[in-house]
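A short write-up of the structure that comes next.
The values are calculated or read from the model by the stated rules, or taken from the named source; none is laboratory data. Please read these numbers as outputs of a predicted model, since none were measured by experiment. Positions of Cβ are backbone-derived with ideal geometry, glycine not excepted, and every protein chain shown enters the neighbour counts.
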Amino acid sequence: MSFRFQAHRGDSAFYPENTLVSYRAAISEKYHVIELDNKFSRDNVCICLHDGTVNRTCRRPDGSALEEKTPADSLTFAELRELDAGVFKGEQFAGTKIPTLAEAIDVIGRESDLSVKLDNVFQSFNEERFEIFCSVVKDSGFESRVGFTAKTLPYLVYLAERFPSSEMHYDGSLTREALSFIENNIKDRTTLWIPFDNKATAWCKERKASREFCADLHRYGQVGIWLLSETDELRTAVREFGADIIETNGTLKPDALSLI
């Protein structure tokens, strides 16, 4: 069996998500891919953050919560850096800061041989921010180890052309038209993502993974299964679905292979 483990927002089960702390934990735990999310500050610095607001994962320097809804791009980068992005996960992480995308790629690139997978939220960026986002990857020196996730074919095609050495990830609707296009153009570089049918993916309305569906998808590219947290889910995803990449929030470690 050969597949890769992907850490969702780093090891987000035990460390503050989308921080250098969670990325370094995933490195030390020997994951193969780190998935991360991006947003922008008011002054157009690309940062690592999942939510549109900072309220869930950030606190004031004194540890107190921000009562008013605070979008990340309502604050300058300097103001974002003043926030504590770790204490929400535990006092031992107090003082953790929101990293920039450039910092994240640099740390992962220099300290490991892991790949980075960027979430599809960049599709909501305006033209200026999308260009900054792409430039950060181009200027990183680790372009070939950065993959892009797209929900629509136009973005997938554009990024595949702009980043010819990067992996592509598609998590849009798996229509025959989309699959045929991928098969005929970028099959060797593309992973098709499909949700495992569990509590973590209950909100997702896309078709869930099954033995038959995954066997069909393998004709068009590699298959990624998300979001797993139990050993029996891992066993099913690998043995029945033939997953090429498994995404977990950190509750499953790469050494879990010995359990299946």
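Taking the stretch 78-92, which residues are of a type outside the set (A, V, I, L, M) and either crowded, with 18+ Cβ neighbours inside 10 Å or not in a helix (DSSP H, G or I) (or both)?
Correct list: Asp84, Gly86, Phe88, Lys89, Gly90.
Yes or no: Arg42 basic (Lys, Arg), out of contact with any strand residue (DSSP E or B) (no Cβ under 8 Å at 6 or more places or on another chain) and over 14 Å from Lys89 (Cβ atoms)?
yes
Does Asp11 satisfy the criteria of being surrounded by fewer than 23 Cβ atoms within 10 Å (Cβ to Cβ), within 15 Å of the chain's Cα centre (by Cα) and either at pLDDT 95 or above or over 17 Å from Arg81 (Cβ atoms) (or both)?
So Asp11 fails the test.
This table checks each residue for (1) farther than 24 Å from Lys138 by Cα; (2) without any contact (Cβ under 8 Å) to a residue 40 or more places away in the chain.
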residue: Phe3; (1), (2): yes, no
residue: Leu20; (1), (2): no, no
residue: Ile27; (1), (2): no, no
residue: Asp43; (1), (2): no, yes
residue: Thr53; (1), (2): yes, yes
residue: Glu82; (1), (2): yes, yes
residue: Gly95; (1), (2): yes, yes
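Residue check: is Ser210 more than 19 Å from Phe3 (Cβ to Cβ), surrounded by fewer than 17 Cβ atoms within 10 Å (Cβ to Cβ), of a type in the set (S, T, N, Q) and modelled with pLDDT of 95 or more?
no
Can you tell me which residue within the stretch 108-137, out of those that are in a helix (DSSP H, G or I) and without any contact (Cβ under 8 Å) to a residue 24 or more places away in the chain, is surrounded by the most Cβ atoms within 10 Å (Cβ to Cβ)?
Looking at the filtered set, the residue picked out is Phe130.
Restricted to the stretch 178-210, and to residues that are more than 19 Å from the chain's Cα centre (by Cα) and hydroxyl-bearing (Ser, Thr, Tyr), which residue is nearest to Ala150 (Cα to Cα)?
Ser180
Which fully enclosed strands (runs of 3 or more DSSP E) of the stretch 11-72 have 2 or more residues being hydrophobic (A, V, I, L, M, F, W, C)?
33-36, 46-48
I want to confirm something. Restricting to the stretch 86-144 and keeping residues that are hydroxyl-bearing (Ser, Thr, Tyr) and within 17 Å of Ala26 (Cα to Cα), which single residue is farthest from the chain's Cα centre (by Cα)?
For the stretch 86-144, the residue satisfying everything is Thr96.
Can you find a residue in the stretch 185-192 that is closer than 19 Å to Val121 by Cβ, out of contact with any Gly (no Cβ under 6 Å at 6 or more places or on another chain) and at pLDDT 95 or above?
no
Looking only at the stretch 176-206, filter to residues that are out of contact with any strand residue (DSSP E or B) (no Cβ under 7 Å at 6 or more places or on another chain) and of a type in the set (Lys, Arg); which one of those is surrounded by the most Cβ atoms within 10 Å (Cβ to Cβ)?
That would be Lys187.
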